[in-house]
Amino acid sequence: MDLGFQELFSSVKRSEPMDIEGVPLHRPTAENWGLLRAFAARPGDLLISTYPKAGTTWIQEIVDMIQQGGDPQKCARAPTHKRIPFIDLFPPKPMTSGLEDAEVMPSPRTLKTHLPVQLLPLSFWEHNCKIIYMARNVKDNAVSYFHFHRMNQGLPEPGNWDQFLEHFLAGKVSWGSWFDHVRGWWEAKDRHPILYLFYEDIKEDPAREIRKVAQFLGIELTEPVLTQIVQHTTFDSMKANPMANYSSIPSALMDQAVSPFMRKGAVGNWKEHFTVAQSERLDEICAEKLEDSGLTFRTQL
Ligand code: A3P
């Protein structure tokens with residue numbers, strides 16, 4: 001990355017989220033809310049929806065590999081955010097917004113959002129677009145979001161782990177409450193074509209879950225192609241893949257020396273951060289917030 005390009009990003013400022021309809025959103029997203037709300041989804045669009053740090057990049061790579069017939073060369077055509085535009089993203093210039101990238105993309109498009117279900121642009125519902133939702137257990141999700149706040153220079157300073165956890169549990173982080181997000185999308189799946197996946201399930205048996213995704217997309221996979229997709233989307237392989245590891249983003253925006261984007265990629269890493277008291281308290285909150293939803297998570301395999 002040459003220095004001139006880096007300097008263009010020196011204006012990046014850590015900013016506090018801003019409420020939209022009671023949900024704190026990343027400030028640039030909130031500032032462009034009118035544009036995002038009016039986004040024109042097209043028939044045939046596929047949407048990948050997640051709470052931040054649930055494994056979005058992982059499912060994006062899996063979906064792209066399925067769509068490209070398991071050809072890693074085709075998936076190396078551009079970095080993740082260019083292959084699958086993130087419609088909530090309004091980065092500093094000279095980067096283009098996710099909306100701009102989506103608008104110039106031919107159909108059929110695959111797009112990404114972190115929006116809670118009630119804020120999704122209505123055009124996705126109007127066109128009955130297929131949606132893949134990926135959820136991750138709250139403990140690992142919170143730890144991953146903490147480290148992402150440390151390295152992402154556009155998010156607020158997280159403070160120490162204890163401080164961040166309080167903030168996270170109060171739902172005051174960008175894109176709002178994890179509980180509302182996973183539960184809202186879970187309930188929506190009974191009314192719309194939504195495939196609801198779990199990070200822990202993919203970790204446990206990637207081939208089984210990749211087959212599920214292919215079936216949802218109506219794409220047949222041969223065994224060799226399935227094997228190729230499994231190998232290409234392991235944590236180690238994606239960590240080494242410049243088209244999937246966000247190394248193309250300037251360090252003024254994402255400082256991977258502070259914490260790599262591909263950090264641990266594990267189920268249960270939360271145990272290195274949580275005290276026993278924090279863990280027990282979160283179990284109680286989780287039971288209360290997800291009560292009667294039928295939604296359950298595994299925090300270890
Ligand atoms: P950790 O911080 O726990 O390592 P997102 O893409 O939604 O921002 O999520 C990033 C998280 O998903 C990070 O979690 C990252 O390491 C993990 N991840 C990315 N690719 C993965 C893969 N192939 N296997 C397992 N975890 C992966």
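What follows is calculated from the coordinates using simple rules that are stated; it is not laboratory data. This is a predicted model, so every value here is computed, not measured. Here the Cβ positions follow ideal geometry from the backbone for every residue, glycine too, while neighbour counts run over all protein chains shown.
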Revision key, fill the gap. The correct pair for the stretch 7-289, radius of gyration to one decimal and Dmax as a whole number, both in Å and from Cα atoms, is 18.0, 51
Revision key, fill the gap. Expressed in angstrom and rounded, the centroid-to-centroid distance over alpha carbons for the stretch 183-260 and the stretch 37-109 is 12
Check your understanding: Under the rule of -39500 (n - 2.57) per DSSP H run of 4 or more residues, summed and divided by the residues of the chain, what mean residue ellipticity at 222 nm is obtained, to the nearest 500 deg cm²/dmol?
Key -> -11500 deg cm²/dmol
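Could you tally the net charge around SER293, taking each other residue with its Cβ under 12 Å from the Cβ of SER293, Lys/Arg +1 and Asp/Glu -1?
-3
DSSP loop (so not H, G, I, E, B), at most 15 other Cβ within 10 Å: list which trypsin sites (Lys or Arg not before Pro) in the stretch 22-116 pass both filters.
Passing both the DSSP loop test and the Cβ count: ARG77.
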Point to revise | Reach of LYS13 by Cα under 17 Å, taken over lysines that are not fewer than 8 positions away in the same chain | key: LYS93
Practice item. Quick one: compute the contact order of the stretch 7-289, relative version, from alpha carbon pairs under 8 angstrom and 6+ residues apart, as a percent. Key: 26
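Could you tell me what % of all Cα pairs in the stretch 175-281 have separations over 22 Å?
Values: 3087 of 5671 pairs.
Result: 54 percent of Cα pairs exceed 22 Å.
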Review point. What are the aspartates and glutamates whose alpha-carbon lies under 17 Å from the alpha-carbon of LYS112, with same-chain residues fewer than 8 places away excluded?
Key: ASP45, GLU61, ASP64, ASP88, GLU100, ASP101, GLU103
Point to revise | Packing-based order for 252-259, 182-189, using average beta carbon neighbours within 10 Å, highest first | key: 182-189, 252-259
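For the cross-link pairs LYS189/LYS289; LYS53/LYS289; LYS212/LYS289; LYS172/LYS203, which exceed 22 Å when the distance is taken from alpha carbon to alpha carbon? Present the calculation step by step, with values, prior to reporting the outcome.
Numbers: LYS189/LYS289 18 Å; LYS53/LYS289 20 Å; LYS212/LYS289 28 Å; LYS172/LYS203 29 Å.
The answer is LYS212/LYS289; LYS172/LYS203.
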